[in-house]
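Values quoted throughout were computed directly from the atomic coordinates according to the rules given, and no laboratory measurement underlies them. Keep in mind that what you see is a predicted model, and the values were worked out from it rather than measured. Positions of Cβ are backbone-derived with ideal geometry, glycine not excepted, and every protein chain shown enters the neighbour counts.
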Amino acid sequence: MNDGIQFFDIILLAMIAGFVILRLRSVLGRRTGNEQPPKDAFGRRNRRAEKVGDTVVELPDRRAADRAAADPAVQAAPKPAEATLEAGIAQIQVADRNFDPDQLANGARAAFETIVEAFAKGDIGTLRGLLSNEVLEGFKSALAEHEAAGHVLETTVVGIKSAELIEAYMNGRTAFATVSFVSEQINVTRDAEGNVVEGDDNRVTDVPDIWTFARNTRSRDPNWTLVETRSPN
């Protein structure tokens, strides 16, 4: 009789344990739609660029019109004439519910500093993870030209005064976001002996830049890539 009762107790406990496990799996494995988006949308993955003082090389101007054969997945497309910033943001959010324009602008600010510092060091490994292939080749060419001329273009980035999202739109499955930067810089050109041949290393000026980032919204990779740099017209 006691054996029968113990056997029944074992069966009952097993059933309870199974129910508890199923409940835990249903709760822990469920996506509620409130998950936090990735905090690093530019692929830095907690990687901090090593400091090289305040001196960096001036970035090349990579205009969309100068590019010949960009990868269609990341090629900067012209903004539709009828599109507004608000409409573009809404379109991207339909394709990517985690898109946050404020978060992107803040990430772009950090990406700006990381890319400028990496370019100054010639850190191609860091740049490769943040730039499209075509922009990366442009940066490599600019470094090679400076070296061949025997000149070093230096830019001291004193600070970034603003980073504002000014364009957002979809082209197929690719989202594009353009950020306008205003940074405080000291620009100097030196010869091979280190003598100043152009600029003033004591003068701080406001320098505007416009960068366009892109991301394939169908990709599992949440990171944005720099696909264009230019100066305002």
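Show me 114-120, 212-218 ranked by packing, highest mean number of other Cβ atoms within 10 Å first.
Those peptides, ordered most packed to least, come out 114-120, 212-218.
Given axes a ≥ b ≥ c from the Cα gyration tensor, I'd like to know whether region 103-207 is rounded (a/c under 1.5), prolate (a/b larger than b/c) or oblate.
oblate
Quick check for you: which residues of region 179-219 have the amide N under 15 Å from the point 7 Å beyond the Cα of Val158 toward its beta carbon?
Under cut-off, by backbone N: 182-188, 200-208.
At 0.36 nm per residue, minus the direct Cα-Cα distance, what do His146 and Thr84 gain on full extension? Give it in nm, one decimal, please.
Full extension from His146 to Thr84 adds 18.4 nm.
To the nearest 0.05, what FRET efficiency results for Val196 and Asp123 with a Förster distance of 22 Å applied to their C-beta separation?
0.30
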